[in-house]
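K.L.:
Sharing a structure below in structure tokens format, with a few things to ask.
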Amino acid sequence: MSSRSTISPGKTGAKARSKGAVQSLEAGASPQRRQSTGVTQGGQSKGKAAAAKTRRNTSAKTVQPPKKNVELTPEELAAVTIQRATRGLLARRERVWRQKEKQDYEDLMDRLEKEAFVALVRREQEEAEWKRKKEEDERKGKKEEQVLRTRLLEAAFDGEAEEVLAILKEMPMATQQCQKQQGAFGRTPIYRAAFGGHLGAVQTLLQLGADPRTHADDGSTPEQVASEEAVVATLQNWDLSATDSMLSKMKAEEQRRAEEEEKQNEAETDRLKGEVDQLQKEHERCQRELQKAFVELNKRITEHDTCVRKGMEEQAKVTLLVVHEAEDVLAKAQIAAHEAAGKLSLAKLTLREQSGGDAVLDSGGVRCPVRDLEEVLIKDVGGKIKQDGRWPLLVDTYGQAATFLRYRDTNYLDALHPGDMQPDKLRLALLGAIRFGKPLVINMMEVDLFESVQNQLDQVNPGLSEQLMNKELLQEERYLSLVRSTDGPQYARTEFMLDRIEKFSLVLVTKQRHPPDALLTAFYPIHVMLPEPKI
């Protein structure tokens with residue numbers, strides 16, 4: 001190729017050097033390459049056009065690593081050096097950033113474990129204090145009743161009729177107490193009064209409804225053990241219809257009192273439900289504020305990380321201050337949410353004690369130590385999850401199960417991280433979990449995000465959340481509706497195996513001590529418990 005065919009007279013310098021580089025490159029090209037660029041002997045016009053095109057393409061591209069037979073100009077060598085230095089600088093910054101991110105995560109895990117332990121101790125103390133007060137009140141009531149019962153029996157045995165009346169006034173339903181207050185060997189007050197020969201006490205007790213027909217444990221009656229003839233005569237001549245009438249009144253009074261007590265219990269239950277509803281609304285408000293604070297912090301961290309990676313030092317200083325402000329807002333929101341959750345927890349505990357229920361167990365769920373998650377959740381030993389038919393919900397108030405699942409073979413998503421819940425990432429996480437037969441774990445932490453997760457699923461495909469919840473997505477290859485043309489051959493129809501699809505599961509994780517009823521109804525709750533502390 002002649003110089004006249006590629007460059008006009010008078011052109012020197014950089015263009016001439018570019019011309020030399022082009023000639024060297026084309027000289028080393030294959031015949032097919034030379035033919036494709038129009039360079040043939042005698043075809044000068046076509047050679048000019050090809051050379052010009054080559055020069056334009058070369059100048060438009062980034063400097064490439066030189067071939068052995070190409071000698072770079074000083075300017076090109078400088079460009080390569082700058083590129084290498086820049087890549088090295090960016091790589092070092094990326095390494096520092098990743099090391100910091102790893103350290104921050106480890107620090108976060110340590111802090112969460114400490115907070116979980118403190119929260120565990122605090123909650124156990126609160127529940128223990130509540131139960132202690134309740135048990136103390138019950139013991140106090142039983143003790144007072146025992147004292148009055150002992151006084152009544154002793155007063156009857158000693159024949160102190162006025163003392164008997166005074167004691168019965170202190171006790172509700174005097175007639176019932178006359179019948180039910182028994183001492184050793186099943187001996188009632190009238191039995192003891194008759195045995196002691198105390199006529200006045202016997203008459204008083206009869207008038208208050210004591211039944212002279214009652215038997216002690218040995219089968220004897222007050223009349224049979226009476227030590228005075230006057231007492232025997234009084235017992236024999238007593239009109240039993242009066243006793244029956246008083247017994248009927250006593251039963252009616254018992255029924256009335258039982259109905260009244262039931263009404264009071266219902267009223268108390270309604271009051272507690274109203275209190276729980278109010279605390280639930282406050283808790284939901286705090287949850288919304290907490291979610292907002294989490295999202296805002298994630299945005300600010302992303303902005304700061306971007307500035308750091310791009311070397312924008314001044315902007316990074318500003319974004320770091322904004323990150324700290326967002327962290328303060330989050331900390332306040334967490335405190336408010338924790339207090340609201342604590343009040344709600346105690347109110348629900350009181351309500352459960354009132355109704356005698358347990359939220360997790362009443363929903364068909366189980367309790368599981370964190371060390372048994374492998375058998376209960378992953379392997380489903382015993383087939384309880386499969387038999388129930390619902391996807392599992394981990395009630396993980398201390399964050400241990402979330403850490404366990406993060407490092408298992410799962411597709412793990414953080415519902416509070418905007419990037420994780422982008423429709424396409426959510427789609428690929430779900431599709432990959434089905435394709436490779438593993439759990440899709442969505443951690444909502446302490447925020448109620450069930451509705452938000454459903455909305456994000458529906459953004460992937462309309463109605464996807466319902467199909468996933470009722471498991472229709474896994475039937476008749478409906479999961480193929482998630483596949484896009486850009487997903488590659490690994491998601492071809494033939495790559496989905498039935499034995500792997502059957503191993504797929506959707507696992508929701510929440511740190512809320514008392515999840516919403518909608519979650520407990522829609523999922524199979526597994527309450528994760530911490531292992532017993534080692535002594």
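K.L.:
Can you work out which of the residues in segment 485-501 that are open to solvent by 70 Å² or more (accessible area, probe 1.4 Å) and touching a helix residue (DSSP H, G or I) at 6+ places or on another chain (Cβ under 8 Å) is nearest to ALA336 (Cα to Cα)?
P.N.:
ARG500
K.L.:
Report, by residue number, each residue of segment 194-249 that is in contact with a Leu (Cβ under 9 Å, 6 or more places away or on another chain), open to solvent by less than 40 Å² (accessible area, probe 1.4 Å), of a type outside the set (A, V, I, L, M, F, W, C) and in a helix (DSSP H, G or I).
P.N.:
Scanning segment 194-249 gives THR204, PRO222, THR234, THR243.
For every residue, the table says whether it meets (1) of a type in the set (Gly, Ala, Ser); (2) out of contact with any helix residue (DSSP H, G or I) (no Cβ under 6 Å at 6 or more places or on another chain); (3) at pLDDT 90 or above.
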residue	(1), (2), (3)
VAL276	no, no, no
LEU279	no, no, no
HIS283	no, no, no
ALA293	yes, no, no
GLU296	no, no, no
LYS299	no, yes, no
THR302	no, yes, no
GLU313	no, yes, no
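K.L.:
Would you check which residues across segment 377-401 are more than 29 Å from LEU498 (Cβ to Cβ) and either among the β-branched types (Val, Ile, Thr) or open to solvent by 10 Å² or more (accessible area, probe 1.4 Å) (or both) and list them?
P.N.:
VAL395, THR397, TYR398, GLY399, GLN400, listed by residue number.
K.L.:
Still on this model: Can you name the residue in segment 421-445 that is surrounded by fewer than 22 Cβ atoms within 10 Å (Cβ to Cβ) and under 18 Å from the mean Cα position of the chain (by Cα) and is also nearest to ALA337 (Cα to Cα) among such residues?
P.N.:
Of everything passing the filter in segment 421-445, MET445 is nearest to ALA337 (Cα to Cα).
K.L.:
Let me ask another. Scan segment 234-263 and report the pairs whose first residue is under 18 Å from TYR191 (Cβ atoms) and whose second residue is among the acidic types (Asp, Glu) and outside any loop (DSSP other than H, G, I, E, B), with Cβ atoms within less than 8 Å and a gap of 6+ or a chain change.
P.N.:
LEU235/GLU223; GLN236/GLU223
K.L.:
Give the residues of segment 158-191 that are modelled with pLDDT of 70 or more, open to solvent by 60 Å² or more (accessible area, probe 1.4 Å) and either assigned to a loop (DSSP other than H, G, I, E, B) or touching a His at 6+ places or on another chain (Cβ under 9 Å) (or both), sorted by residue number.
P.N.:
Those that are modelled with pLDDT of 70 or more, open to solvent by 60 Å² or more (accessible area, probe 1.4 Å) and either assigned to a loop (DSSP other than H, G, I, E, B) or touching a His at 6+ places or on another chain (Cβ under 9 Å) (or both): ASP158, GLU160, ARG187.
The values are calculated or read from the model by the stated rules, or taken from the named source; none is laboratory data. If you're wondering where the values come from, they're calculated on a predicted model, not measured in any experiment. Virtual Cβ from ideal backbone geometry, glycine too; neighbours counted across all protein chains shown. Calculation scope for accessible area: heavy atoms of the full protein, side chains included, ligands and nucleic acids excluded. Shrake-Rupley method; radii C 1.70, N 1.55, O 1.52, S 1.80 Å.
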